[in-house]
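Student: Mind looking over this structure? Questions follow.
The values are calculated or read from the model by the stated rules, or taken from the named source; none is laboratory data. From a predicted model like this one, the values you see are computed outputs, not experimental measurements. Ideal geometry is used to build each Cβ from the backbone, glycine not excepted, and the neighbour counts take in all protein chains shown. To get the accessible areas, we keep the full protein, side chains included, count just its heavy atoms, and leave off ligands, DNA and RNA. Shrake-Rupley method; radii C 1.70, N 1.55, O 1.52, S 1.80 Å.
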Amino acid sequence: MKAWKLVLLPFLSLFAAFMLEGVIAAYFNGVLYTSMGYVAPRLTFVLLIMFAFYLSPNHMYILSIIIGFLYDSYFTGYLGIYMASFCLVSYIVMELKDLFKSGLLTYSLVGILMITLLELIVYWIFRVIGVTDAGVSIFLANRLGATLLFNGLLIFALSPLLEKFSLFILNERLSNHRQF
Amino acid sequence: MNRFFTNKKIIILLISVIIFISLITLSITQTNTNIIQGFTNDITAFVNNAFSRPINAVLDTYDTASNVQDTFEENKHLKNELDRLYETQSENDALRDENQQLQEELDLQNSITEYQTMAGNVISRNPDYWVDQITIDRGSQDGVQINMPVTSDNGLIGQTSEVNLTSSKVTLLTNEEATANQISSEVVGENEDEETEVVHGLVSDYDLSEQMLIMTQITSDAEISEGETVTTSGLGGSFPRGIVIGTVEEVSLDNQGLSQQVYIEPAADFNNIRAVNIIDRQAETIDIQDEEPAEEEE
């Protein structure tokens with residue numbers, strides 16, 4: 001029972017977040033076009049960062065590759081972009097988690113850093129391929145600010161819940177992990 | 001430093017970089033999606049249906065509720081429109097009759113203006129917006145094929161780019177990638193002699209800052225006035241004639257100053273696409289890969 005929970009729940013929750021992102025982008029597009037710029041909802045990515053703090057490396061890499069492949073194939077059609085970004089970010093978070101004391105603020109700050117990294121990598125690869133020809137200044141002004149704000153607030157608001165959820169998956173207690 | 005850069009890690013890193021770069025290159029160069037991708041996309045779209053139907057239903061009831069407020073004003077407005085509509089309708093009937101007679105006399109097969117429509121719903125849209133695509137819930141088992149035009153709210157929004165069994169993806173016109181959507185279009189207007197004059201061009205670009213489509217490669221010198229409707233011309237090979245793209249907003253000269261350039265306000269609202277129509281042209285479509293056009297069929 002515990003093994004099923006460990007294997008199924010992360011994948012199912014990431015998949016559900018990935019579906020929700022598409023549905024939000026489809027039906028609430030007018031809302032996402034704020035005056036500050038366009039907000040890209042990154043629920044899947046936020047969940048991935050939180051799981052990277054808790055799960056084992058092998059499990060994390062397999063999850064990132066599978067979810068990255070689904071994300072690429074369903075949304076962009078260019079395989080390998082989100083797969084690479086998700087794997088890279090999982091690796092960085094797993095290296096960082098030993099350096100900082102774990103706590104709610106750490107999750108939010110690491111989350112904001114990783115989202116910036118993801119947006120930069122994806123923009124850069126799309127620029128090199130030729131999908132977009134927007135300059136860096138347009139990208140920064142129109143997308144990065146609004147996306148970071150929205151997703152930063154999201155991860156800040158969701159981190160207690162996600163922490164409890166991850167501990168539930170691993171069947172462990174809060175006091176073993178939280179250090180401040 | 002030793003912790004990060006052991007031999008094994010460098011080898012894994014290099015191999016994974018090579019794998020990812022080759023994956024990206026493979027996806028760019030291949031034109032048709034392969035079976036695995038199509039299959040996973042189909043399954044994902046099927047699950048996505050379960051997520052999107054409830055939200056769609058909730059939004060529909062919200063729209064109905066907010067529409068009730070405007071009903072009185074809308075009613076007055078619609079009554080006026082209806083009177084004008086009767087006139088246009090009878091004119092239309094007369095023209096259609098004449099057209100039919102002429103077609104029979106000349107023994108024409110399917111013309112490029114005839115088409116059939118299929119209705120579909122949007123179930124998902126690309127959240128990161130660099131590649132603007134929507135997923136709809138009609139697939140090849142409903143008769144959708146690749147490169148069919150798709151409209152929403154009576155304005156063209158794009159064409160189908162990938163078709164699976166129960167779902168398909170539509171690439172929108174707002175993509176900045178230049179090769180994604182080049183649509184042969186025309187503006188039907190009146191010149192000084194009060195004759196209808198058709199100006200042909202190519203809608204190929206989208207200006208993100210002003211949110212308007214750009215029509216280029218206009219060969220004639222005819223005057224295009226603002227407010228005229230831009231429609232598809234059917235000469236591109238796969239689109240029928242007469243689908244509304246938008247209205248002319250601004251006419252200017254292009255970068256080299258040689259030909260005219262028209263900024264078009266799109267007729268469809270790209271921020272709120274919920275129900276779409278997929279258009280199936282009745283006439284024979286010319287495939288780009290074919291060497292010579294096939295024989296016309298019934």
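Student: Compute the acute angle (0 to 90°) between the alpha-carbon long axis of helix B:7-29 and the principal axis of greatest extent of the alpha-carbon atoms of chain B; round to the nearest 10°.
Tutor: The angle comes out at about 20 degrees.
Student: Output the relative contact order of the range B:83-159, whole-number percent, from Cα pairs under 8 angstrom with separation of 6+ residues.
Tutor: 14
Student: I would also like to ask the following. Please give the FRET efficiency for B:D107 paired with B:D42, using the beta carbon to beta carbon distance and R0 = 30 Å, rounded to the nearest 0.05.
Tutor: The computed FRET efficiency comes out at 0.10.
Student: Hey, another quick one. Under the rule a/c < 1.5 gives rounded, and otherwise a/b versus b/c splits prolate from oblate, where does the range B:32-107 land using the Cα gyration tensor?
Tutor: oblate
Student: Return the ratio Rg/(2.2 N^0.38 Å) for chain A, where Rg is computed over Cα atoms only.
Tutor: Taking N as the residue count of chain A, the ratio is 1.03.
Student: Which value, in square angstrom to the nearest 100, describes the accessible area buried between chains B and A on both sides, using a 1.4 angstrom probe?
Tutor: What B and A bury together is about 4100 Å².
Student: Could you give the angle, 0 to 90 degrees to the nearest 10, between helix B:71-106's Cα long axis and the longest principal axis of the Cα atoms of chain B?
Tutor: Compared with the principal axis, the helix lies near 80 degrees.
Student: Another question, then. In a shell of Cβ-Cβ distance under 10 Å around A:Y38, excluding A:Y38 itself, what net charge do Lys and Arg (+1) and Asp and Glu (-1) give?
Tutor: 0
Student: Shifting gears a bit: Which whole number gives the average count of other chain Cβ atoms within 10 Å of the Cβ atoms across peptide A:66-79?
Tutor: So the per-residue partner count for this stretch is 6.
Student: Run down the lysines and flag those whose C-alpha is under 20 Å from the C-alpha of A:K97, throwing out any fewer than 8 positions away in its chain.
Tutor: A:K164, B:K9
Student: Moving to a separate point now. Name the residues of the range A:137-174 whose accessible area falls by at least 20 Å² when all protein chains are present instead of the chain alone, probe 1.4 Å?
Tutor: Those residues are A:R143.
Student: Find the accessible area per residue for the protein assembly as shown; the probe is 1.4 Å, ligands and nucleic acids are left out, and the unit is Å².
Tutor: So the protein assembly as shown comes to 55 Å² accessible per residue, rounded to a whole number.
Student: Then there is this: Expressed in nm to one decimal, what extension gain is obtained for the pair B:T29 and B:N99 from 0.36 nm per residue of sequence separation less their Cα-Cα distance?
Tutor: Separation in residues times 0.36 nm, less the Cα-Cα distance, equals 20.7 nm.
Student: Could you check the simple spin-label distance between B:S140 and A:M36, using points 7 Å along Cα→Cβ, in nm with one decimal?
Tutor: According to this spin-label approximation, the distance is 4.5 nm.
Student: Carbon and sulfur: what percent of the range A:26-180's accessible surface (1.4 Å probe)?
Tutor: Exposed carbon and sulfur together represent 72 percent of the surface.
Student: Calculated FRET efficiency, B:E87 and B:N271, Cβ-Cβ r, R0 35 Å, to nearest 0.05?
Tutor: Here the calculated transfer efficiency is 0.55.
Student: Which percent of Cα pairs goes in each bin when the distances of chain B are cut into 10 angstrom slices starting at zero?
Tutor: It works out to 5, 20, 28, 25, 13, 5, 2, 1, 0, in whole percents.
Student: Further, regarding this structure: Length gain on complete extension for the stretch B:I21 to B:Q211, per 0.36 nm per residue less the alpha carbon to alpha carbon distance?
Tutor: Contour length minus the Cα-Cα distance gives 65.1 nm.
Student: Return the average number of partner chain Cβ atoms within 10 angstrom of each residue Cβ along peptide B:225-231.
Tutor: Partner Cβ neighbours, averaged per residue: 0.
Student: Right, another one. Under a Cβ-Cβ cut-off of 13 Å, what is the net charge of the residues other than A:M114 that fall near it, where Lys and Arg count +1 and Asp and Glu count -1?
Tutor: Combined, the nearby Lys, Arg, Asp and Glu give 0.
Student: Taking springs between alpha-carbon atoms closer than 10 angstrom, which of B:V17, B:V68, B:V244 fluctuates most in the Gaussian network model of chain B?
Tutor: Among B:V17, B:V68, B:V244, the largest mean-square fluctuation in the Gaussian network model of chain B belongs to B:V17.
Student: Carbon and sulfur together cover what percent of the accessible area of the range B:46-111 at a 1.4 Å probe radius?
Tutor: Percent of accessible area from carbon and sulfur atoms in the range B:46-111: 54.
Student: Per-residue HN-Hα couplings for the range B:259-274, Karplus 6.51 cos²θ - 1.76 cosθ + 1.60 at θ = phi - 60°, whole Hz, x for Gly and Pro?
Tutor: 10, 7, 9, 10, 8, 10, 7, x, 7, 8, 8, 6, 8, 9, 9, 10
Student: Okay, next question. Rounded, prolate or oblate: which fits the range B:28-169, taking a ≥ b ≥ c as square roots of the Cα gyration tensor eigenvalues, rounded meaning a/c under 1.5, else prolate when a/b beats b/c?
Tutor: oblate
Student: Through the Karplus equation 6.51 cos²θ - 1.76 cosθ + 1.60, θ set to phi - 60°, convert the phi angles of the range B:51-65 into ³J(HN,Hα) values in whole Hz; use x for Gly and Pro.
Tutor: For the range B:51-65, the Karplus-derived couplings read 7, 8, 4, x, 5, 4, 5, 5, 5, 5, 5, 5, 5, 4, 4 Hz, x marking Gly and Pro.
Student: Further, regarding this structure: Using the Kirkwood radius over C-alpha pairs as Rh, can you work out the diffusion coefficient of the protein assembly as shown via Stokes-Einstein at 10 °C, viscosity 1.306 mPa s, in µm² per second?
Tutor: 63
Student: Given R₀ = 60 Å, what would the calculated FRET efficiency be for B:K9 paired with A:I138, taking r from the Cβ atoms and rounding to 0.05?
Tutor: 0.95
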